[in-house]
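This is the structure I have questions about; it appears just below.
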Amino acid sequence: MVASFIISFTEWDILTEPEWIGTTNYFELFEDPDFLYILSNTFVFSLVYVVGVMFFGLLLAVLVNSKIRGITFFRSAYFVPVVTSSVAVGLVWNWLLSPNYGLINSILERLLNINPPSWLGDKNIVLIVVAMVQVWKMAGYYMILFLAGLQEIPNMYYDAARIDGASKLQSFKKITLPLLTPTTFFVFTIAIINSFKSFEIIYTMTQGGPSNATNTLVYSIYLNGFLFYKTGYASAMAYVLLSIVAIITYINFILKKRWVKYQY
Amino acid sequence: MIILKKTVVYILLVLVAIIAIFPFLWMVSNSFSSEKNIFKMPPQLIPDKLFTKGMFDNYIKVLKDYDFMKYTLNSIFVATLASLGQVFTCSLAGFAFARMRFRGRNIIFGLLLATMMIPIQVTIIPEFLLMLNLGWLDTFAPLIIPSFLVGTFGTFMYKEFFENIPKDLEDAAAIDGAGPFMMFFRIFFPLSRTQTSTIFIIAYMNNWNDLLRPVLYISSQKKMTITMALTQFQSQYSARWNYLLTGAVLSILPLLIIYFALQRFVVEGLTHTGIKG
């Protein structure tokens with residue numbers, strides 16, 4: 001980490017000796033319109049990812065928290081996309097979403113008579129499509145995290161609420177959600193950190209394209225650091241990434257007091 | 001009423017299961033297609049080669065001609081060693097954090113947890129330089145050795161578990177003259193079978209699926225892991241979907257087998273600790 005910090009102040013292509021250039025890399029970064037575009041991509045991806053996994057993760061968790069026969073089978077089934085590599089997931093979705101012979105487009109065209117967009121070719125939607133695929137892949141993981149939280153809520157609260165005549169929805173809103181906030185906080189933190197780490201899915205599905213539309217910070221670090229040999233520049237980016245994650249996590253921890261409620 | 005409610009829940013469960021699993025089933029089914037059949041419109045639900053003599057043509061072709069056999073073995077080698085490394089280091093570290101007193105223990109543990117926050121991309125450049133200086137480029141070492149160094153999730157999980165083992169057990173062993181190592185290997189480690197399984201399989205998953213490290217460190221064809229090989233395969237034969245899908249099936253099959261064999265450790269294990277590193 002320290003090494004990476006020092007390198008970020010140099011101009012270096014790995015092969016020759018590094019040259020000390022101070023904060024030039026950082027200034028260059030923030031003057032580069034491409035970088036600002038990449039930064040905004042990163043945030044959009046992150047937003048879709050965090051909202052998506054938290055929503056679907058909680059939904060799935062509530063669904064599989066019921067005590068009925070065969071529930072472990074369903075839990076395991078929902079976890080399958082998490083186990084599978086992003087590379088295989090990306091490949092399958094590339095194929096399902098492909099414009100000419102993809103299953104999704106052919107369903108939309110033939111059965112519903114909709115003229116489908118080019119999911120991975122249209123630079124206005126591609127970022128959201130890729131983020132959604134990642135949400136599909138990871139929702140099962142967040143399901144498990146939420147499930148752990150749900151199972152910690154003692155049944156007596158629900159029993160008490162039922163005696164008082166509360167409906168299912170009411171007890172979900174008044175008991176489950178507040179008591180789940182420590183878990184939600186934890187899940188939120190993890191989701192944010194993971195959202196900034198997503199590299200494989202972009203590498204497999206779009207390679208940052210079309211025309212940079214899915215290029216995010218982590219992908220850019222890889223490009224600059226290991227394909228363009230701009231090691232110093234890439235290190236500076238890595239530090240921007242780290243600062244973003246650190247700042248968001250810090251804010252998150254400060255706001256924690258406002259909304260997280262503990263049982264005891 | 002109760003029956004009706006149950007039916008609704010089951011319908012929902014099945015619906016979600018279809019969404020989660022269908023892309024994989026579709027992939028498996030089409031890996032038994034010929035090239036012509038795969039581009040047919042509308043898409044064919046039942047592949048043309050299924051249950052015919054040439055059923056496994058794609059598989060034989062991909063395994064033999066495109067070397068996927070070799071890549072699978074590479075992946076098994078790397079993932080097995082790396083996961084053993086994780087179990088070894090994490091269990092020892094977890095034991096030390098849970099059962100030994102030393103100065104700065106809480107601070108070190110806090111730092112360790114904090115590293116979970118750092119995306120790997122931040123440290124990968126110095127790591128790459130280190131591997132370069134060690135002369136380890138294009139060997140399996142950079143894929144395996146980092147797993148031996150530290151694992152936040154595993155350490156955390158072992159620590160939680162070891163902390164809850166009654167002190168009496170430790171005292172009894174101490175009276176019998178057991179030192180810390182003896183105590184660890186004879187008592188603590190054998191008790192942690194569930195944790196060990198969970199950590200092993202999760203480390204296995206992470207290493208099997210890792211893409212960044214292989215892409216950076218491995219350059220020769222014959223040392224590629226299967227995950228990396230699949231991406232190369234994809235860029236070289238971007239239109240040969242029947243082979244690509246076959247390759248994808250092959251790349252996830254070993255992992256899925258392990259997952260289903262040990263799934264109770266994964267899903268239940270994670271439910272009980274709730275973090276992953």
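The values are calculated or read from the model by the stated rules, or taken from the named source; none is laboratory data. The shown structure was predicted, so the numbers you read here are calculated from the model rather than taken from an experiment. For neighbour counting, all protein chains shown are included, and Cβ atoms are generated from backbone atoms with ideal geometry for every residue, glycine included.
Using the structure shown, decide if B:V249 is over 30 Å from B:L134 (Cβ atoms), surrounded by fewer than 24 Cβ atoms within 10 Å (Cβ to Cβ) and at pLDDT 85 or above. Spell out how you get there, then give the answer.
Details: over 30 Å from B:L134 (Cβ atoms): yes; surrounded by fewer than 24 Cβ atoms within 10 Å (Cβ to Cβ): yes; at pLDDT 85 or above: yes.
Yes, satisfied.
Determine whether the stretch A:34-42 contains at least one residue that is under 27 Å from A:T184 (Cα atoms), among the β-branched types (V, I, T) and either surrounded by fewer than 17 Cβ atoms within 10 Å (Cβ to Cβ) or more than 7 Å from chain B (Cβ to nearest Cβ) (or both). Break it down into steps so the answer makes sense when it comes.
Of the stretch A:34-42, the ones under 27 Å from A:T184 (Cα atoms) are A:39-42.
Right, trim to among the β-branched types (V, I, T) and you get A:42.
From the residues that got through so far, the ones that are either surrounded by fewer than 17 Cβ atoms within 10 Å (Cβ to Cβ) or more than 7 Å from chain B (Cβ to nearest Cβ) (or both) too are A:42.
Taking every residue of the stretch A:34-42 in turn, at least one turns out to be under 27 Å from A:T184 (Cα atoms), among the β-branched types (V, I, T) and either surrounded by fewer than 17 Cβ atoms within 10 Å (Cβ to Cβ) or more than 7 Å from chain B (Cβ to nearest Cβ) (or both).
Now, a different point. Could you list all residues from the stretch B:153-182 that are crowded, with 19+ Cβ neighbours inside 10 Å and among the β-branched types (V, I, T)?
Filtering the stretch B:153-182 for residues crowded, with 19+ Cβ neighbours inside 10 Å gives B:153-159, B:161-162.
Correct list: B:T155 only.
Can you tell me which of B:Q263, B:Q195 is over 18 Å from B:K61 (Cα atoms) and buried (at least 22 other Cβ atoms within 10 Å of the Cβ)?
Values: B:Q263 fails: buried (at least 22 other Cβ atoms within 10 Å of the Cβ).
From the options B:Q263, B:Q195, the qualifying one is B:Q195.
Say we look at the stretch A:1-51 and pick out the residues that are of a type in the set (S, T, N, Q) and modelled with pLDDT of 80 or more; which of these is farthest from the chain's Cα centre (by Cα)? Let's see the steps before the verdict.
Our first condition is that a residue be of a type in the set (S, T, N, Q); within the stretch A:1-51, this holds for A:4, A:8, A:10, A:16, A:23-25, A:40-42, A:46.
Imposing the further condition that a residue be modelled with pLDDT of 80 or more reduces the set to A:40-42, A:46.
On the way: A:S40: 15, A:N41: 12, A:T42: 10, A:S46: 5 Å.
Among those residues, the one meeting the criterion is A:S40.
Let me ask something else. Taking the conditions exactly as written (surrounded by fewer than 19 Cβ atoms within 10 Å (Cβ to Cβ), under 15 Å from the mean Cα position of the chain (by Cα) and either not charged (D, E, K, R) or not in a loop (DSSP other than H, G, I, E, B) (or both)), does B:L270 satisfy them or not? Please lay out each step first, then the result.
Details: surrounded by fewer than 19 Cβ atoms within 10 Å (Cβ to Cβ): no; under 15 Å from the mean Cα position of the chain (by Cα): yes; either not charged (D, E, K, R) or not in a loop (DSSP other than H, G, I, E, B) (or both): yes.
Answer is no for this residue.
Can you pull out the residues in the stretch A:64-99 that are in a helix (DSSP H, G or I) and in contact with a Ser or Thr (Cβ under 7 Å, 6 or more places away or on another chain)? Step through it out loud before you land on a result.
So in the stretch A:64-99, the residues in a helix (DSSP H, G or I) come out as A:64, A:71-83, A:86-96.
Answer for the stretch A:64-99, where residues must be in a helix (DSSP H, G or I) and in contact with a Ser or Thr (Cβ under 7 Å, 6 or more places away or on another chain): A:S86, A:V87, A:A88, A:G90, A:L91.
Restricting attention to the stretch A:123-172, and to residues there that are charged (D, E, K, R) and assigned to a helix (DSSP H, G or I), which single residue is nearest to the chain's Cα centre (by Cα)? Even if it seems obvious, please write down each step before you answer.
Applying the first criterion (charged (D, E, K, R)) to the stretch A:123-172 yields A:123, A:137, A:152, A:159, A:162, A:164, A:168.
Okay, now just the ones that are also assigned to a helix (DSSP H, G or I), so A:137, A:152, A:159, A:162, A:168.
Details: A:K137: 10, A:E152: 26, A:D159: 36, A:R162: 37, A:K168: 31 Å.
Checking each candidate, the answer is A:K137.
If B:I118 satisfies all but one of (1) outside any helix (DSSP H, G or I); (2) farther than 30 Å from A:Y219 by Cβ, what's the number of the condition it fails?
If we test B:I118 against (1) outside any helix (DSSP H, G or I); (2) farther than 30 Å from A:Y219 by Cβ, just (2) comes out false.
Taking the residues in the stretch B:116-149 that are within 13 Å of chain A (Cβ to nearest Cβ) and within 20 Å of the chain's Cα centre (by Cα) as candidates, determine which candidate is modelled with the highest pLDDT. It would help to see each step written out before you state the result.
Initially, the stretch B:116-149 is screened for residues within 13 Å of chain A (Cβ to nearest Cβ), giving B:116-133, B:137.
If we keep only those that are within 20 Å of the chain's Cα centre (by Cα) too, we end up with B:116-121, B:124.
Working: B:M116: 76, B:M117: 76, B:I118: 79, B:P119: 79, B:I120: 80, B:Q121: 79, B:I124: 83.
Restricting to residues being within 13 Å of chain A (Cβ to nearest Cβ) and within 20 Å of the chain's Cα centre (by Cα), the top hit is B:I124.
OK, next. Within the stretch A:100-122, how many residues turn out to be assigned to a loop (DSSP other than H, G, I, E, B) and modelled with pLDDT under 80?
14
Here is a list of conditions, (1) of a type in the set (A, V, I, L, M, F, W, C); (2) crowded, with 23+ Cβ neighbours inside 10 Å; (3) within 9 Å of chain B (Cβ to nearest Cβ), and A:A77 meets all of them except one; can you say which number that is?
In the conditions (1) of a type in the set (A, V, I, L, M, F, W, C); (2) crowded, with 23+ Cβ neighbours inside 10 Å; (3) within 9 Å of chain B (Cβ to nearest Cβ), A:A77 misses (2) alone.
Scan the stretch A:217-252 residue by residue and report those that are free of Cβ contacts under 8 Å to residues at least 24 places away in the same chain, more than 8 Å from every other protein chain (Cβ to nearest Cβ) and hydrophobic (A, V, I, L, M, F, W, C).
Selection gives A:L223, A:L227, A:F228, A:I247, A:I251.
Quick one: would you say B:V122 is closer than 14 Å to B:N207 by Cα and crowded, with 18+ Cβ neighbours inside 10 Å?
Details: closer than 14 Å to B:N207 by Cα: no; crowded, with 18+ Cβ neighbours inside 10 Å: yes.
No, not satisfied.
Follow-up. List pairs: first in the stretch B:223-245 and more than 10 Å from chain A (Cβ to nearest Cβ), second of a type in the set (S, T, Y) and in a loop (DSSP other than H, G, I, E, B), Cβ under 7 Å, 6+ apart or cross-chain?
Once the first residue is more than 10 Å from chain A (Cβ to nearest Cβ) and sits in the stretch B:223-245, its partners that are of a type in the set (S, T, Y) and in a loop (DSSP other than H, G, I, E, B) give B:N242/B:S31; B:N242/B:S33; B:N242/B:S34; B:Y243/B:Y237.
Among B:P190, B:P254, which is surrounded by fewer than 16 Cβ atoms within 10 Å (Cβ to Cβ) and either within 15 Å of the chain's Cα centre (by Cα) or modelled with pLDDT of 85 or more (or both)?
On the way: B:P254 fails: surrounded by fewer than 16 Cβ atoms within 10 Å (Cβ to Cβ).
The unique qualifying residue is B:P190.
Ok, one more. Would you say B:A93 is buried (at least 18 other Cβ atoms within 10 Å of the Cβ) and under 20 Å from B:I144 (Cβ atoms)? Show your work before the answer.
Details: buried (at least 18 other Cβ atoms within 10 Å of the Cβ): yes; under 20 Å from B:I144 (Cβ atoms): yes.
Taking the combined requirement at face value, the residue satisfies it.
Quick one: would you say B:S251 is facing chain A (nearest Cβ under 7 Å) and part of a helix (DSSP H, G or I)? If you could, list the steps in order and put the result at the bottom.
Working: facing chain A (nearest Cβ under 7 Å): yes; part of a helix (DSSP H, G or I): yes.
Criteria met by B:S251.
Residues in the stretch A:169-216 that are farther than 30 Å from A:S118 by Cβ and facing chain B (nearest Cβ under 10 Å): how many? Explain how you work it out, then say what you get.
Step one: of the stretch A:169-216, the residues farther than 30 Å from A:S118 by Cβ are A:169-190, A:192-193.
Restricting the remaining residues to those that are facing chain B (nearest Cβ under 10 Å) gives A:183, A:186-187, A:189-190, A:192-193.
Matching residues across the stretch A:169-216 total 7.
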